[in-house]
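Contents: one structure, followed by commentary.
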Amino acid sequence: MPLRFTDLRELDRRFWAVVAIGVLFTMARFSEAFLVLKANADGLPLALAPLVLVVMNIVYSLGAYPAGALADTRGPHRPLVYGLACLVAADLCLASGAGLLASFVGIALWGAHMALTQGLLAQLVAERAPEKLRGSAFGIFNLAIGMTMLAASVMAGLLWDRVGPSATFIAGGGFAAITALLLIVRQRVAKLRKAD
């Protein structure tokens, strides 16, 4: 059944808060192609470019199970904040480090952030949307994230071309830090409301 505008009223502010957090988070997570570009700029031959994705995905796959276990026992907010901290650290390494070692430390941290965060926003969407509108809620969420990923990658490319690679990663780290701060504040406010 198609989504009607009247149905949107049933998606409360808790759902829209997850969408807002997802959008802000996605501004920090531009295309991983920029990791390949950074490693290449630091001396990695293009023939070895797949190593970037191999390293990132090894860290991601090794960290996914413990991160999932942490989310199961502590809830999704803590791993999200830890993942955002890894993303800030990754961006700092990639922005300020010179040479392949700094690049690959940043790439490994990028993989760690993926292990800690992938799937958790989807879990929050499922928890915050009414059951009868869950499919539509995922559609709205994924539309917002897809459009934001395009905007984030365009912004990253413009910064890379006009200011330099460091500006791309500094901007990403800034968006990640703002998202983490927003999550921490929301969690504290929620705890205060429960205490009342």
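Quick look at the values:
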{"quantity": "Principal axis dimensions, largest first and in whole angstrom, of segment 59-136 by Cα", "calculated": "52, 24, 18"}
{"quantity": "Along principal axes, Cα extents of segment 18-93, largest first, whole Å", "calculated": "42, 27, 19"}
{"quantity": "Taking LYS132, LYS194, LYS38 and counting other C-beta atoms within 10 Å, the order from fewest to most", "calculated": "LYS194, LYS132, LYS38"}
{"quantity": "Segment 103-196: Rg to Rh, with Rh as the Kirkwood radius over Cα pairs", "calculated": "1.05"}
{"quantity": "Whole-number D in µm² s⁻¹ for the chain, Kirkwood Cα-pair radius fed into Stokes-Einstein, 25 °C, 0.890 mPa s", "calculated": "139 µm²/s"}
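Laboratory data are not the source of any read-out in this text; all were calculated from the coordinates shown. Note that this is a predicted model, so its numbers are computed, not measured. Ideal geometry is used to build each Cβ from the backbone, glycine not excepted, and the neighbour counts take in all protein chains shown.
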